[in-house]
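Just below is one structure, and these are the notes that go with it.
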Amino acid sequence: MISQHVHDALDQVRQLQHALLERIRFHGYSGPTRIISGTLALATAVGMSSPWYPQTARAHLVGWGLVLVVALLLNGGALVYWVLNEPAVHRNWRRLRPVLDVLPPLAVGAVLTAALVLRGHLDLLFGIWMLMFGLTNLASRHVLPRAINWVGLFYIAAGTAWVLTPGLRFMQPWSMGIVFFAGEWAGGLILYWDDKRLEQAAPDFIRNKELPDGEHP
């Protein structure tokens, strides 16, 4: 009898834990979309390194600008799709509130990018972008899996190394491509695996509640 009460209490703890994780965890960010964005960055670096690509600062700015636009469209589209199609969200646009946390780093990164471009200091751009992405990951650390902190620190370390290392040039796209490929793949896989983990926990919770008293798998 006592063991049954203990078992029931443990079930309730697991149920509450799962409900708390679901409430805190923000599911609007798409792991596969981040992986696609990282792959696009690497593919862009490969293309820019080819002899046929114009080796001018303007062409490289346009190329990375297109990567940014495509990445924003992909990630923004994933957020909208999540709000419109996730039953638990019920088309409640206020559920996108965690996205506001990443806007300040993005805004600061945009301002610094504009300033560096206007002053012709393009060689610092990659470092600024890496630092910006690091801050956006850390800004979301309270609503995403803990491992996302390491992604943020990776970007910050890479950005710091870039801005402090003499001789690095904006016309060297491989560093940008490799760092963003690694960072976005890591972030995407963390989100994907965590979503799968929570999905697997939810059916166990439902199955245990539907079993008659005294019967457990």
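The values are calculated or read from the model by the stated rules, or taken from the named source; none is laboratory data. This structure is a prediction, so every number in the text was calculated from the model and none was measured. Cβ sites come from the backbone with ideal geometry, for glycine too, and all protein chains shown count toward neighbours.
Annotations
- Evaluation of Leu168 against the conditions (1) over 17 Å from Pro104 (Cβ atoms); (2) free of Cβ contacts under 8 Å to residues at least 24 places away in the same chain; (3) not in a helix (DSSP H, G or I) shows that the sole unmet condition is (2).
- Qualifying residue in the range 37-55 (condition: outside any helix (DSSP H, G or I) and in contact (Cβ under 8 Å) with a residue 12 or more places away in the chain): yes
- Among the residues making up the range 134-153, those that are in a helix (DSSP H, G or I) and surrounded by fewer than 17 Cβ atoms within 10 Å (Cβ to Cβ) are Asn149, Trp150, Leu153.
- Residue list for the range 156-188, restricted to those being polar (S, T, N, Q), over 21 Å from Val62 (Cβ atoms) and within 21 Å of the chain's Cα centre (by Cα): Thr160
One line per residue, one yes/no per condition, for (1) among the small types (Gly, Ala, Ser); (2) in contact with a strand residue (DSSP E or B) (Cβ under 7 Å, 6 or more places away or on another chain); (3) modelled with pLDDT of 95 or more:
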{"residue": "Trp129", "(1), (2), (3)": "no, no, yes"}
{"residue": "Asn137", "(1), (2), (3)": "no, no, yes"}
{"residue": "Ser140", "(1), (2), (3)": "yes, no, no"}
{"residue": "Val143", "(1), (2), (3)": "no, no, no"}
{"residue": "Gly159", "(1), (2), (3)": "yes, no, yes"}
{"residue": "Trp162", "(1), (2), (3)": "no, no, yes"}
{"residue": "Met176", "(1), (2), (3)": "no, no, yes"}
{"residue": "Glu184", "(1), (2), (3)": "no, no, yes"}
{"residue": "Leu198", "(1), (2), (3)": "no, no, no"}
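- Residue within the range 6-29 that is over 19 Å from the mean Cα position of the chain (by Cα), part of a helix (DSSP H, G or I) and at pLDDT 85 or above present: no
- Residue match in the range 66-77 (condition: over 22 Å from the mean Cα position of the chain (by Cα), crowded, with 18+ Cβ neighbours inside 10 Å and outside any loop (DSSP other than H, G, I, E, B)): no
- When residues of the range 90-108 are limited to those that are part of a helix (DSSP H, G or I) and either more than 19 Å from the chain's Cα centre (by Cα) or closer than 29 Å to Gly167 by Cα (or both), the one modelled with the lowest pLDDT: Arg94
- Residue that is farthest from Gly65 (Cα to Cα) [pool: residues in the range 109-137 that are of a type in the set (Val, Ile, Thr) and under 18 Å from the mean Cα position of the chain (by Cα)]: Thr136
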